[in-house]
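Only the coordinates and a few stated rules stand behind these numbers; no lab work does. What you see is a predicted model, and the numbers here were worked out from it, not measured in a lab. Note that we place each Cβ from the backbone using ideal geometry, even for glycine, and neighbour counts take in every protein chain shown.
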Amino acid sequence: MYPVMLNVQDKKCVVVGGGHVALRKAIKLFESGANVTVVSPKFCSNFNFASKIQSKYDVKYIKNSFLVIAATDNYDLNKKIADDAKTENILVSLVDKSIESDFVSPSSVTSGDITVAVSTNGKYPMLAKKLCKMISCDISFYNELINILEQYRKIIISKYGDTKTELLEQLISEDMIQYAKKDISLFKQKADKLLQIF
């Protein structure tokens, strides 16, 4: 699989299935700005954020979609949904068969502008979730730091273009990260000195 961040803002995305797995997939799409439609004969609670079509699956429900997630508890139906989507040139993911999917939805954790995604290529999804939980402990700190780093990056690029990758790397060295964790003003002092040296 090729790792990629997909822009679904204001795009029609269809989740087929009304259970808890479908709910999780639909929530992620909604949180990413998609126009979410969910198709199922019945739904568990909490689908109120999405457009619901209470019906058995029919190919007409996925027409003109940007992507489709087949999240029913019936593999044969999921396979049919995938086949229909591929015929319509729509990206499709089967929740129970990553190898037959165009994409998979990895476990992820987001804080502000930072998103970290972890995938085990379907081999052990619970491990991916565990790794995300481990990462989430530090991600809020890095989200605070990213805005400061962005300002330094702009200064460096305006002065040197993209030729000073070494300086960009120095700003996120282990020592600099430790300064930032102790005191952000100390980090800024050290960063200013680095810019003067280069």
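Output the Kirkwood hydrodynamic radius of segment 1-63, Cα pairs only, in Å rounded to one decimal.
So the Kirkwood estimate lands at 12.0 Å.
Counting every Cα pair in the chain, what percent are over 28 Å apart?
Of the Cα pairs, 43 percent sit more than 28 Å apart.
Could you please rank M5, M176, M134, placing first whichever residue has the fewest other Cβ atoms within 10 Å of its Cβ? Provide the component values of the computation, followed by the final result.
On the way: M5 8, M176 19, M134 11.
Ascending Cβ contact count within 10 Å gives the list M5, M134, M176.
Among residues other than K123 whose Cβ falls under 14 Å from its Cβ, what is the net charge (Lys/Arg +1, Asp/Glu -1)?
Cβ neighbours under 14 Å give a net charge of +2.
For each of C137, C44, count neighbouring Cβ atoms within 10 Å of the residue's Cβ, then give the residues from fewest to most.
Numbers: C137 9, C44 13.
Result, fewest neighbours first: C137, C44.
Straight distance only, please: which lysines reach the Cα of K159 with their own Cα at less than 19 Å, same-chain residues fewer than 8 apart left out?
K188, K190, K193
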